[in-house]
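Colleague: Can you keep this structure in mind? I'll have questions shortly.
The values are calculated or read from the model by the stated rules, or taken from the named source; none is laboratory data. Every value quoted in this text rests on a predicted model; they were computed, and no experiment measured them. When we count neighbours, we look across all protein chains shown, and the Cβ atoms used for this are built from the backbone with ideal geometry, even at glycine. Quick note on the areas: whole protein, heavy atoms, side chains included, nothing else; ligands and nucleic acids left out. Shrake-Rupley method; radii C 1.70, N 1.55, O 1.52, S 1.80 Å.
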Amino acid sequence: MMLKSLFVSLLILAPTGAAAQPFSTSMAQCAGIYDSVARFMTDPNRQAELVHAAADWLDAARVQAVGEGVVDPEKTVHATYRVAKAEWEAKGMRIVFSQEFRDWTAYCRSFAADRGIELGL
């Protein structure tokens, strides 16, 4: 119960727009964040972990979108993912030191734990 309360609190306080959108959208955005940050990693193992986490988020987003009744879940999820990835990549490598990045990754980790998504990070 405490985990659910924490998740609801994080969802309410999540970065702009996350609370008012379908779970599948947030999941695709998390995939975009992880994938964009992976390209900044110099450690190939860490890079692979982040790419794998992004793929796990994408898979979960597709399943969620189907459950939400999205007409074309593959196209919708992939479009959201591409936009999020491009936005985070455009912010550059220094974004990983920002509060915005810490907030989003904390949200994504908590969201993954609540939804039972094992990211392997």
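Colleague: Hey, any hits in region 97-109 for a residue that's free of Cβ contacts under 8 Å to residues at least 60 places away in the same chain, buried (at least 19 other Cβ atoms within 10 Å of the Cβ) and in contact with a Leu (Cβ under 6 Å, 6 or more places away or on another chain)?
Modeller: Checked region 97-109: no residue is free of Cβ contacts under 8 Å to residues at least 60 places away in the same chain, buried (at least 19 other Cβ atoms within 10 Å of the Cβ) and in contact with a Leu (Cβ under 6 Å, 6 or more places away or on another chain).
Colleague: Exactly one condition in (1) free of Cβ contacts under 8 Å to residues at least 12 places away in the same chain; (2) surrounded by 15 or more Cβ atoms within 10 Å (Cβ to Cβ); (3) not in a helix (DSSP H, G or I) is not met by Phe40; state its number.
Modeller: Just one mismatch for Phe40, condition (1).
Colleague: While we're on this one: Hey, any hits in region 9-30 for a residue that's open to solvent by less than 40 Å² (accessible area, probe 1.4 Å), assigned to a helix (DSSP H, G or I), closer than 20 Å to Met93 by Cβ and modelled with pLDDT of 95 or more?
Modeller: Yes: one or more hits.
Colleague: I want to confirm something. Restricting to region 55-73 and keeping residues that are of a type in the set (D, E, K, R) and within 14 Å of the chain's Cα centre (by Cα), which single residue is nearest to Leu121 (Cα to Cα)? Break it down stepwise before answering.
Modeller: Going residue by residue through region 55-73, those that are of a type in the set (D, E, K, R) are 56, 59, 62, 68, 72.
Right, trim to within 14 Å of the chain's Cα centre (by Cα) and you get 56, 59, 62.
On the way: Asp56: 11, Asp59: 16, Arg62: 21 Å.
Filtering first and then ranking leaves Asp56.
Colleague: Separate question: Look at Ala60 and say whether it is surrounded by 17 or more Cβ atoms within 10 Å (Cβ to Cβ) and assigned to a helix (DSSP H, G or I).
Modeller: yes
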